[in-house]
Each structure stands twice: as structure tokens, then as C-alpha cells.
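**Q** So that we are looking at the same thing, I have put the structure below in C-alpha cells.
We did not get these values from a lab; they are worked out from the coordinates using the rules stated. Worth saying up front: this structure is predicted, and the values here are computed from it rather than measured. Reconstructed Cβ throughout: ideal geometry from the backbone, glycine too, with neighbour counts over all protein chains shown.
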Amino acid sequence: MLETRGLTAFYGDFQALYGIDAALAQGETVAIIGANGAGKSTFLKAVTGLLPSPPGAVRLDGAPIGGLAPARITRLGISLVPEGRRLFPSLSVEENLLIGGYGRAPGGYWNLERVYALFPALAERRRAPGPSLSGGQQQMAAIGRALMANPRILLCDEISLGLAPIVIRDIYNAVPAIKAQGTSILLVEQDIVQAMAVADRVYCFQEGRVSLAGRPSELTREQIHAAYFGA
Amino acid sequence: MEASYRVSVGGRYTRHLALAGALVVALLVALPAFAARSLIEDLIFVFYMLALAQYWNLLAGYAGLISVGQQAFVGLGGYLLFALAIMAGLDPLVAIVLAGVIAGLLALPTAFVVFRLRGAYFAIGTWVVAEVYRLVLAQWKQLGGGTGTSLPPEITNTVSSIEGVKALFDVRTSVARDMILYWAALALAAGTVAAVYLILRSRHGLALAAIRDSEPAAASAGVDNFRTKLSVYVATAAGTGMVGALIYLQKARISPDSAFAVLDWTAYVILIVVIGGIGTIEGPIIGVLVFYLLQSYLASFGTWYLILLGALAIVIMLFAPKGIWGYVSERFGLVLFPIRRRLVRPGDAP
Amino acid sequence: MTAWLDALLQGIMLGGLYALFAAGLSLIFGIMRLVNLAHGDLIVLAAFVVLVVTTALGLDPFLAALLAAPLLFAFGYALQFILLNRTLGRDILPPLLVTFGLSIIVQNGLLEAFSADSRRLRAGSIETESLSLGGGLAVGVMPLLTLASAVLAILALNFLFYRTSLGRAFRATSDDPETAQLMGIDNKRIFALAMGVAMTVVAVAALYLGMRANFDPTIGPARLIYAFEAVIIGGLGSLWGTLAGGIIIGLAQTIGARIDPEWQILAGHVAFLIVLVLRPRGLFPRAVD
């Protein structure tokens, strides 16, 4: 469904990605793990059009989407939960959720009630301004916001960052409900345990390259360690 | 023993360029001896617009303070000249310098107010301040109030050394006065270019470049952003004040609307800098020459000429934001006033 | 005493006009951090458009403004989409210079098209009618209408911003343009829409400007300065603050004029400078900048 071939990315003169080949099939959950600076977030930015990519390097259902504006890509059904959540400070929690649905195609499972059902903590704080929430609640709001667009593909950039383990667990408990709607999920994670627990397949990035790919059940700790840190 | 690294400012041809520059200035100094009077008058205009452009460029292109209110100091300089010459009886050339100093002092409370604003709001704030100066000075009845006043001949005919020049070149009083004003304008223009060049070569120039690129980064490197910007603002005000004094000494007639005109002392100046190349010393020199040509040939078209200038500003900003010199300098790697720092390794050619 | 109360009332009404000038400027800065140096000249341009409609169709200014508003909306949309969107970014020089150039073009274009003659929008007898408030005080109907329109405009804008989906999009884009794109918001079109809305407010401002006093192509920059002062006094991000700012300028000017007619404009500037020195962020700052 979503695939990249030979994807490169640059920040000015600095090359962050060196030819990434990856794929996400319908209904799959794929995790991307790797150390800081490995290029994981860069990969997501390139997929969503926030960074330019070579023509044809990123394809959705076979069609190249590399040159499209991020707003267009969102409307094609790819939603990003950005690193650091990036809730809109001038908007309340509920307004943040509503704005997620701005580009949505009509119809679809996720709406306000269902997002509140998924994350009850948000319902209690619906009128509060975004920044007043705790880190975990902000993360839930950011995920809910992305869900409001009823995406076919949900991209999550480090949703466990800066959160306590118990909060991370609460957030990951929501993943099955999202999967149940048939949404494909691409998770970028530093928390390897959580990532491997929910993912069907895993990629490991190391300094802008794919250093390991496979099913969690088939990978050994040593392999992962080597791929993560580099031999 | 290890030789050490050092930082060198200056390009390969610094000596040659300096010599060429000195020759150009010498030629300009000698010009009144054999040039037509109209050329001398035109050059006075070119020199003072060049000086104004260098100051605006220092403020905006280097300190990042984009002001559309520098006409405040032009007008202040003009009025101070009239006040010092008429009411205090000072020799006009001395009054020019003193006007600059006082304008610089007045820049301090001005900065106190306008530095509270940032970015585009700072720009409009400087405009408001200029308007305040205009309205206040229009109340000064002794200098003509709202309609303004003229410099009496006793003053314009007794500018210092005018008798000496008359005798040396065997010319009328008015021609001698023009020559003296020409040399004063040349001194101001050349002095401004030299001063700006020296500032940018110094530590202060490095600090300015840092501030322009990133204020937080500059501050974390130990630059006192506020003091640096304030110094530049005050120095620019003083310089602009001197130029304003010279301009109105030449015009010999002042009024609030003329002295504080946004078009003449800000719009044209900004256009000169932008056409020539903002953030470079060479830029305003090129810009003033282009502007002089435009003004000479097209000013008679009135409103259409102004529409053309407005369109030119837009087109340049959108398609050639670095101006003529920016384009030339990038394409051919030319630099006339080298200010880039280079790290010289031991063993490299100096 | 009545003279001072009268000055007070006049000042408040004048403040309504300045608030109308300022609302468009405030909106544009709030959403896209763009300060349009041609704002005052665009108000004058709008006044001329209304004038042309009244003369060509023989309508009264209110109806003419109603017709002119969609035209001006489209103009604002096009201006932003084609020209001003290209200037947005980190550097503040391009929008400043481009709008400065635009200001010169509009002023001189109007001079070419309409000459420097003073014009006026004639609204008939309503111009001189007044309401008596008792105790020898009276307010002109026109100034009262101006203030009422300013309040209505701000109410409408606030409704747009805080109760509609488009308003949410405006606020989100203003907060974080990059993440707004991830929501499916096309920044270029949002900015163009915002400018269109601003030009509609400008149309209302122009209507009252033209009916209140004579106008000519050169009065734009002064309107920009009053608008800017009102926005700064009020505080960035707050439209009601802008109304308060306009009223303060209006009061300063009328009271200043009462003391000495030559001091009218200076008094406004002085009030602005005082507020700037004492409260640099304005009286009711709201925006997170």
C-alpha cells in the first residue's frame, strides 16, 4: 500500500537518509526503531511531504506522492502524529480534535464521541487549552486529532517520548482499537519493547540506512542490538 | 615549534583595491577644478544619498533593524543646522558636525521607545517617531513653524574658507560655496564608507553579523545584543543627522514636510540599497549610481515614475533579493571591500 | 463642562472609526504575521471603489459598499495569493518592502486615475442628523453608526474566529503553519481567505472614512499609522483590545484638539508612545508570540 524505494532526504547539505526501501501493507502495523539521529523522524517527514523526496521514491497504492503538498497527502489518507505532539496552543482540546477532521473525507468510523470513548481523559478536559494537559494526555489528544481524519495510514512519531512507563502503556492499549478499524500503522519508536509488542514487522534504522528488517518473533536480541548501535 | 592559526580579514587584492580606491577619491577631490557646475551639484546629490544608503544598510542589512523612520534624523539634522547657524551663529560646517552629535544624543531616548517593538512593528514605530519629530518641529515658530524658513545670505555666503576658495579658483561666491559643499559631501560619503568598512572589519562587525543571523545564538556566544544594536542605532542616527544638516545647508531652505519626507529620505534610500544589494558595502554604491540614472532620465514622468519605482522594489524583492551586487558577487566571486574572516593555517599563503 | 463631555463622546466615536481601520491590520498580523504597509492606501483604494460604484450606478454609499465588498474580498484574495504569499517566511524584509512598494503603486495609481482632488461620499441628510442625549449633549448619527459598525465588525470577526471551522483553521495556521498542513489545511488558500476577509472589513472602514470627511489618494499613510497605533495599544491578538486602542487614540486626538487644534494628531502619537513605554505588550495582549 505504502512503499518507499531509494528514499533519500537532506537538511540543506546534510544527508539524513541514504536510500530507504520500506513497505507497509494494508492493515499492517510496522515499527521503525533506531537511535537518536538515525533518520526515523526524517523518514516520516519525507513520507508526509514535509521534506522533499526524489520523484517516485514514495508511492501510495503504486502512485508517486513525492511532489505533493503535505495538505494533499493528508487528504489522501495519511495522517501524522508529529514528534512532540504539536497541539495547537490557541485551541482547546476539543477544537484540536475538530481541526484534525478539517481535511477529512465524509464518513468514517472516528468522530468526537468515539475518540472520547477511546481516551476518556480527554472528554473530561475537552474545553481546556491544549498546553494545560499532562504529557500523556497531550499525546492522546494528538493521536485522537490524527484519527479524526479517518486515515487509512496512521504515522506515529515517537509517541512514548518523555512519558512515564505507565502512561505509555495506557496509550499503547489504544492501538488494538485503531487496528480494528483496518488502519495501517507506522510507528517510529525509541521504546523497543512496546514497539515490538504491537508490530507485525520491524525495521531498524542506523545512520540513515535500514540496518535490519523482519518479524519481531524472528529477531534475536543480539541482532537488534547490533543493528541499533552499529557493529 | 608549532606555528599558530590566525584569523585574517581581507582578500587577495586588498592592497590593490585600496590603492584604486584612493585614486578614485583623489580624482573626485580634484574634480571641481575642471568639472561643470551641474555635474558638481549632481555629485553632491549622489554623495549624500550614498551616505544615507550606507547608514540605512548598516542598520538594516547588518544589525537587522529595519527602519522606515530614518527621515527623523535627516529632518533633525536639518533643523539643528538651521538653529545652530541662525540662532547660535555657528559656522555652518561646524554646525554640521554638532548637528550630528546632537542627533546621536536624541537617538538615545528614541531608541528607548522604539526598541520595545520588534520586526515590522519596529519599522512602523520608527515612522511614528519621525512623525512626532515633524509635528513637534512644526511648532517651532522661530524656524518658520509649519511653512519653514530659509537660510539668510549672511550665513550661506560666509561658510568657512569660502574666501580662500574664491581666490584660489577665481570663482563667484555661489560657485565657491558649491565647491565647499561638494568637498564636505565627498568627505561625508567617503568617510561613511570607510567608517562602515572599519566597523565591519572589527569585532563589532562580527557581533553584528552574528546578531543578524541569530540573536539567541549571538547572545549565547557573549554578544550584548542590546548594546550592540543600540550603538549601531545611535551611530547611524548621528551620521544621518550630519547628512541631513549638509543637505539642508545646500538647499538653504527647510520645512517640516520636506525635512521629514518619507519618500525622499526613506523610500528612495531603501530602494537604492535594495537595488544595489543589501548587506554589502558595494551594494549602495551601485544602487546610488543606478538610482541617479533613473532619477535623471525618468523623474519627469511624475506619478508613473513612482509607480515604476514601486514595481521595481517589488520585483527585486521577489526575484533578486540580493540586488545587483549580490548577483554579481555570487556569480563572479568579486569582493571590493573584503570583510569575510578566513582561517589561515600555518603554511598557507596569507 | 459640556464641552469636555462632548469631546469625550466625539473621541469614543472617532475611536470606532480607527478600530475599523485597525481591525483588518490586526487580523492579518494575527494570522500570518504580516504587517501590510499598504493597509492605509488599500482603505483609500476601497473608498475610491465605493465612490466609483456610487457614481456609476447612482446608489447611496451604503448600498454601494455592499456591492463593493465582494469585489474587494476578491481583490484581497488575489493580492495575497499572487503576490503577498511569496513574501512570507522567516525574513521580515520582503513583506515590508513589497508592501511598501505596493503602497507607492496604489497611491500614485490613484493619483493618475483620479487626480489629487478631494472626494466625498455623500449619504444625504443622515450626515448631519444627530441624537440628543439631554443636558445639551448630542451625538451625530453618523459617528454613532461608525462605532456601532466597528462593534458589529468585531463581533462578526470573533464569531468567525471562535465559532466556525474556518476560524479554527485560521487560529491553527497562526499557531503552527507546518502542523496545520498536516491537518489538510492549505496554508496558501487560508492566507488568501484571511486577506479577503480583511479587505471586506477595509471596505466598511472605507465607507465611513469617505462619508465622514474628504479623502484623496495621499491620506493612506496616516490611516496606517492610526491603525497601527490602535493595534499596538490594544495588544496583539485581541480584537476588542484593538477597539480599546482605537478609542484611546480617538480620545487623545479629540481632547488634544480641544486644548489646541494644532495638537490633534500629535496628541494621538503621544498617547501611543506613553502606552508603548509603560505597557510594551499593549493593554490586552493575548497572542502567544
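**Q** Relative to a virtual label point 7 Å from the Cα of B:Asn225 in the Cα→beta-carbon direction, which members of segment C:23-47 show backbone nitrogen distances below 20 Å?
**A** Counting backbone N atoms under 20 Å from the label point, the list is C:33-35.
**Q** Okay, moving on. Can you give the alpha-carbon Rg of the protein assembly as shown over 2.2 N^0.38 Å, where N counts its residues?
**A** Rg over 2.2 N^0.38 Å, computed on Cα atoms: 1.10.
**Q** Here is a further query. Please name whichever of A:Leu161, A:Leu91, A:Gln206 sits farthest to the positive end of the charge dipole of segment A:89-210, dipole taken about the Cα centre and charges placed at Cβ: Lys and Arg +1, Asp and Glu -1.
**A** Going by the charge dipole, the pick is A:Leu91.
**Q** Could you tell me whether segment C:153-249 comes out rounded, prolate or oblate from its Cα gyration tensor? Rule is a ≥ b ≥ c as square roots of the eigenvalues, rounded for a/c under 1.5, then prolate if a/b exceeds b/c, otherwise oblate.
**A** In terms of gyration-tensor shape, prolate.
**Q** Same structure again: For a label point 7 Å from the Cα of B:Val328 along Cα→C-beta, name the residues of segment B:182-199 whose backbone N is under 11 Å from it.
**A** Answer for this model: none.
**Q** Here's something else I'd like to know. If each of B:Thr158 and C:Leu66 carries a label point 7 Å out from its Cα toward its Cβ, how far apart are those two points in nm?
**A** Those two pseudo-labels are separated by 7.2 nm.
**Q** In debye, nearest 20: dipole of the protein assembly as shown around its Cα centre with unit charges on the Cβ of K, R (+) and D, E (-)?
**A** 840
**Q** Also, I was wondering about something else. Picking from C:Val139, C:Val231, C:Val201, which is most flexible by a Gaussian network model of chain C using Cα springs under 10 Å?
**A** C:Val139
**Q** Here's something else I'd like to know. Under a point spin-label approximation (7 Å from Cα along Cα-to-Cβ), what is the A:Tyr18-B:Leu343 distance to one decimal in nm?
**A** Result for the modelled spin labels: 2.4 nm.
**Q** Another question, if that's okay. Between rounded, prolate and oblate, where does segment C:108-215 land on the alpha carbon gyration tensor, with a ≥ b ≥ c its root eigenvalues, rounded for a/c under 1.5, else prolate if a/b exceeds b/c?
**A** Oblate shape, in that a/c is at least 1.5 and b/c is the bigger or equal ratio.
**Q** How big is the dipole moment of chain C about its Cα centre under a simple scheme where the beta carbon of each Lys and Arg is +1, that of each Asp and Glu is -1, and everything else is neutral? Debye, nearest 20, please.
**A** Around 560 debye, computed over chain C.
**Q** How large is the translational diffusion coefficient of segment B:7-262 in µm² per second when you combine the Kirkwood radius over alpha carbon pairs with Stokes-Einstein at 25 °C and 0.890 mPa s?
**A** So the translational diffusion coefficient is about 127 µm²/s.
**Q** Which FRET efficiency value, to the nearest 0.05, do you get for B:Tyr5 and B:Phe34 by plugging their Cβ-Cβ distance into 1/(1 + (r/R0)^6) with R0 = 56 Å?
**A** Here the calculated transfer efficiency is 0.65.
**Q** Then there's this: What percent do you get for the relative contact order of segment B:7-262 when only Cα pairs under 8 Å and 6+ apart count?
**A** Relative contact order of segment B:7-262: 39 percent.
**Q** Taking 0.36 nm per intervening residue step and subtracting the Cα-Cα distance, what contour gain separates C:Ala113 from C:Leu155 on full extension?
**A** 11.6 nm
**Q** Arranged by the count of other C-beta atoms within 10 angstrom, fewest first, what order do C:Arg168, C:Arg279, B:Arg203 take?
**A** Ranking C:Arg168, C:Arg279, B:Arg203 by Cβ neighbours within 10 Å, fewest first, gives B:Arg203, C:Arg279, C:Arg168.
**Q** Suppose R0 equals 35 Å. What FRET efficiency, 1/(1 + (r/R0)^6) with r the Cβ-Cβ distance, do C:Ala74 and C:Arg279 give to the nearest 0.05?
**A** It comes out at approximately 0.35.
**Q** Sticking with this structure for a sec: Run the helix sum for chain C: -39,500 (n - 2.57) per DSSP H stretch of 4+ residues, divided by residue count, reported at 222 nm to the nearest 500 deg cm²/dmol.
**A** That calculation yields -24500 deg cm²/dmol at 222 nm.
**Q** So for the pair B:Val136, A:Ala197, with labels modelled 7 Å out along Cα→Cβ, what separation do we get in nm?
**A** 7.0
**Q** Suppose only helical runs count, i.e. DSSP H with n ≥ 4. What mean residue ellipticity at 222 nm does that imply for chain A under -39500 (n - 2.57) per run, divided by all residues and rounded to the nearest 500 deg cm²/dmol?
**A** Computed ellipticity for chain A at 222 nm equals -9000 deg cm²/dmol.
**Q** So which of A:Lys45/C:Lys188; B:Lys166/B:Lys251; A:Lys179/C:Lys188; B:Lys229/B:Lys251; A:Lys40/A:Lys179; A:Lys45/A:Lys179 end up more than 25 Å apart by C-alpha?
**A** Too far apart for the 25 Å limit: A:Lys179/C:Lys188; B:Lys229/B:Lys251.
**Q** Only bridges with both residues in the protein assembly as shown count here: give the DSSP antiparallel percent, nearest 5.
**A** So the antiparallel bridges amount to about 60 percent of the total.
**Q** Quick one: dipole size for segment B:7-262, taken about the Cα centre, charges +1 on Lys/Arg Cβ and -1 on Asp/Glu Cβ, in debye to the nearest 20.
**A** The dipole magnitude comes to about 420 debye.
**Q** Let me ask something else. Quick check on the exposure proxy: order C:His269, B:His16, C:His39 from fewest to most C-beta atoms within 10 angstrom.
**A** Taking fewest neighbouring Cβ atoms as first place, the list is B:His16, C:His269, C:His39.
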